[in-house]
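What follows is a set of notes on a single structure, which appears directly below.
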Amino acid sequence: MFKRIIISILVFEAKCAIKRWPSRIIGITGSVGKSSTKEAISMVLQKKFKVRSSKKSYNSELGLALAILGLETAWHDLSRWIKNIYLGFMEIFSKNPPEILLLEMGIDRPQDMDTLISIVRPNIAVITAIGEIPVHIEYFSGSEEIAREKSKILKYLSAQGYAILNADDDVVWDMKDKTNARILSYGFGKDAHMIASNYKISLEGISFKVDFDGASVPVRLFGVFGKHHVYPALSALLVGTIFDMNLIDSAGALQQYKSPPGRMQLLEGIKGSLVLDDSYNASPLATHAALDTLLELEAKRKIVVFGDMLEIGKYTIEAHKTVGERVAKIADFFITVGQRSKFAAEEAITQGMDKKNVLNFSTSNEAIETVKELIKEGNLILVKGSQGMRMELIVEEIMAHPEQAFKLLCRQDEYWKNKK
């Protein structure tokens, strides 16, 4: 009851603010890449505009209200929630509101998008990627139903609005007929409006070329790893064109872009190793992308530390087995955490991986000492798993500078620290 009252008040304040402010609104949805896309777009637009985006992955009903009002969650602290309500009320009457609101809009269950759209209707909608087995599919009959729910964001766009779609994701691209808004697309395919090519990766980051409307521009992202990070950059460049920003200037702004904590961050590890920290969350699509990145990077020895992928319902066994099959072709050692990931471990062995090099643990804490003992100089360790598996606890133990965990890792606030 208490939580519902707080949500209702903050949502009401957010709606009032939206009515008073002249802000342009960008809504971002998809099964993966929302936060990275938000960060990339923000990096481009803030060169010219006052942009407000959530500091964290606030994409639920409450999170959306907090993001609009520029507030942070108070978790279980009643006094801080009361302060948030006061600050939210004051924000409604701000004399210097954001020129652009950049909002993540996530769904867990049917009708979630309807709830979010009732709070705010974007002028521009960006849809990242969904894939055949999306995350949070547990309460949906399949990928088609979850795609229909996410596509509702397009329904309310005006004819003067923009739908920015990932042309390489068939599920997303099929949404182009669900809106009267102007369509802009991005991807590696030659039929997209914003086209990427010449992708390269090194231990410094990634680079690629972008072609748009007759212009060709090189893009370099430092400290960013994986082909999947090209997509947030492409969508950011497209959004920049809508706001009449020069493509070269936008590409330059992206050099300051960093992926959010827990999303393919390359960290110094213990014993002269390197850690690919992708511990924020996991879906089949995102896990495959992480493994592809591990394959692309050179290392003396590669280790995958993988926690269960949650909330994928009937696809659980199949999806975990597919991960195991891929790991067997890439990694020297495979450490799994959780009951579901046992299917991945078993499949890796079936595919020829040495049984001695495949180990399973019930929790991330139980796996820590084994992982630490296993690491040697020159190793590259990928750490990946769903939020509930708390894989960042392993990263903190194997990173060379754990004193920097508070700024480099995900889930470092007081609530998560106390939840150990």
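Laboratory data are not the source of any read-out in this text; all were calculated from the coordinates shown. Given the structure is predicted, the values throughout are model-derived calculations rather than measurements. Backbone-built Cβ (ideal geometry, glycine too); neighbour counts: all protein chains shown.
Computed over the range 140-214, relative contact order equals 21 percent, with contacts defined as Cα pairs under 8 Å that lie 6+ residues apart. Judged by the mean number of other Cβ atoms found within 10 Å, the most tightly packed of the peptides 392-399, 274-281 leads the ranking 274-281, 392-399. On a 30 Å Cα-Cα criterion, which of the cross-link pairs LYS15/LYS419; LYS15/LYS150; LYS152/LYS190 come out too long? With Cα atoms farther than 30 Å apart: LYS15/LYS419.
Phi angles across the range 301-318 convert, under the Karplus curve 6.51 cos²θ - 1.76 cosθ + 1.60 with θ = phi - 60°, into 3J(HN,Hα) values of 8, 10, 10, 10, 10, 10, x, 3, 8, 9, 6, 10, x, 5, 8, 4, 5, 4 Hz, Gly and Pro given as x.
The charge dipole of the chain, taken about its Cα centre with unit charges on the Cβ of Lys, Arg, Asp and Glu (plus for the first two, minus for the last two), comes to roughly 1040 debye. Applied to the range 97-105, the Karplus parametrisation 6.51 cos²θ - 1.76 cosθ + 1.60 on θ = phi - 60° returns per-residue 3J(HN,Hα) values of x, x, 6, 9, 9, 10, 10, 7, 10 Hz, with x for Gly and Pro.
Ranked by the mean number of other Cβ atoms within 10 Å of their residues, highest first, the peptides 254-260, 70-76 fall in the order 254-260, 70-76. The DSSP beta bridges internal to the range 1-152 are antiparallel in roughly 10% of cases. Separation of the range 191-261 from the range 96-116 is 25 Å, based on Cα centroids. Computed from backbone phi with θ = phi - 60° and the Karplus coefficients 6.51, -1.76 and 1.60, the 3J(HN,Hα) list for the range 2-15 is 4, 4, 5, 5, 4, 4, 4, 5, 5, 5, 4, 5, 5, 5 Hz; x is used for glycine and proline.
Could you put THR29, THR115 in order, starting from the residue whose Cβ has the fewest other Cβ atoms within 10 Å? Mind showing how you got there, number by number?
Values: THR29 27, THR115 15.
The most exposed by this proxy come first: THR115, THR29.
Entry note, the range 265-418: relative contact order of 35 percent, from Cα contacts under 8 Å with a spacing of 6+ residues. Partner aspartates and glutamates whose Cα lies under 16 Å from the Cα of LYS48, excluding those fewer than 8 positions away in the same chain, are identified as GLU39, GLU99, ASP244, ASP249.
By the beta-carbon count within 10 Å of each Cβ, the least crowded to most crowded order of ASP114, ASP108, fewest first, is ASP114, ASP108. The share of Cα pairs per 10 Å bin across the range 265-418, counted from zero up to the longest distance, runs 12, 46, 35, 7, 0 percent. Taking amide H as placed 1.01 Å from N in the peptide plane, ALA129 has its amide H under 5 Å from the amide H of SER31, VAL32, each at least 5 places away in sequence or on another chain. Computed over neighbours whose Cβ is under 11 Å from that of LYS83, the net charge equals -1, Lys and Arg +1, Asp and Glu -1. Of all DSSP bridge pairs formed entirely within the chain, close to 35 percent run antiparallel. Calculated [222 nm] ellipticity per residue, helices only, for the chain: -11500 deg cm²/dmol; basis is -39500 (n - 2.57) per DSSP H run with n ≥ 4, divided by all residues, nearest 500.
On a 0 to 90 degree scale, rounded to 10, what angle separates helix 341-350 from the longest Cα axis of the chain? Around 50 degrees separate the two axes.
The relative contact order of the chain, computed from alpha carbon pairs under 8 Å that lie at least 6 residues apart in sequence, is 14 percent. Distances between placed amide hydrogens fall under 5 Å for GLU104 paired with ILE28, SER54, all partners being 5 or more residues away or on another chain. For PHE361, the amide hydrogen comes within under 5 Å of the amide hydrogens of THR336, VAL337, GLY338, counting only partners 5 or more places away or on other chains and with H modelled in the peptide plane.
Starting from the exponent 0.38 and prefactor 2.2 Å, build the expected Rg for the chain from its residue count and divide its actual Cα Rg by it. Intermediate results must be reported in sequence, preceding the final value.
Values: Rg = 21.2 Å, N = 420, 2.2 N^0.38 = 21.8 Å.
It is 0.97.
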